[in-house]
Amino acid sequence: MKKKLFTVFMICTLVLCFTGCDLFKKTETKNNDNTETKESTDKKSVSKDPLNDNSSYYVIIKGTKFSVGDKLSTLSKVGLRQDSRVLEETVRSNTYLIGAGSIYDSNNKDVLSMTPYNPGSSSITVKEAVFGSIEAGSYEYGRIGQEVLDLDLEFVGGIKFGSTLEDVEKVFGTTDDVYEASSLGYKVYTYRSEKNYRNFVFTIDKDGKVSKIGFQNLVFNEK
């Protein structure tokens, strides 16, 4: 009788072991499937034609996303502000104001430029304007101020300061519009959309790092 009980116990133990192993394999496979799905989703998040897709024209600042057409006043969410000296200046209908785009941090440091734009049919002031373009960085990565790096700026496709030309080309492909400053060693790559006033510009420094990023989109409200 004892031998029979021992035999039954061994059989049950083996069944549980095999079942547990199979369950572990199924769980492991499910986790891998989830990972692959996330990677696929990330890849699909970038448009096949980012230059002509208005949703590509955004910047993430300290984890908060700002899309072209958002009011400049919303930058207060991340501790930034417009140049107070130009807030009451007029921006006429369907125009933008050059020289009024300086953006400051809480330490009064000029960290980037975002051009005030008025896509409406009536005149407004700069403090009521939305942003139609952005530019930040320098011709060399090492010259970018820490106050700018601390903003952790991120653009479409995850492009940041310190990214490479290869990273840019994964999103936008190649361009023939390249300016080279031979004396300083940097190159400027411009990607133009099908419409005027909509483009991306990247500066790659002498060490191959993205050191300046900018885009313009003044046609985001057009059909």
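Loop-only GluC sites (Glu not before Pro) in the range 62-154, please: DSSP not H, G, I, E or B, and at most 14 other Cβ atoms within 10 Å.
Here the sparse-neighbourhood loop sites are Glu88.
For Asp205, Asp70, write out the residues from largest to smallest accessible area, computed with a 1.4 angstrom probe and no ligands counted.
Greatest to least solvent exposure: Asp70, Asp205.
Between Lys160 and Asp177, the modelled labels are 2.7 nm apart [label points 7 Å from Cα along Cα→Cβ]. In plain terms, the C-alpha convex hull of the range 57-104 casts an average shadow of 3.7 nm² when viewed from every direction. Once the Cβ-Cβ distance of Glu89 and Asn221 is raised to the sixth power relative to R0 = 22 Å, the FRET efficiency obtained is 0.55. Of the trypsin sites (Lys or Arg not before Pro) found in the range 37-131, those in coil by DSSP whose Cβ has at most 16 other Cβ atoms within 10 Å are Lys48, Lys62, Arg92, Lys109. With every protein chain in place and a 1.4 angstrom probe, the accessible-area ranking of Asp53, Asp83, Asp110, largest first, reads Asp110, Asp53, Asp83.
Strictly over 28 Å apart at the Cα level, which of Lys62/Lys212; Lys77/Lys195; Lys65/Lys206; Lys48/Lys209; Lys127/Lys209 would you flag in this model?
Result: Lys77/Lys195; Lys65/Lys206; Lys127/Lys209 exceed 28 Å.
The values are calculated or read from the model by the stated rules, or taken from the named source; none is laboratory data. Note that the structure is a prediction, hence the values are computed from the model and not measured. Cβ coordinates were reconstructed from backbone atoms using ideal geometry, including for glycine residues, and neighbour counts include every protein chain displayed. Keep in mind that these areas ignore ligands, DNA and RNA; they rest on the heavy atoms of the full protein, side chains included. Shrake-Rupley method; radii C 1.70, N 1.55, O 1.52, S 1.80 Å.
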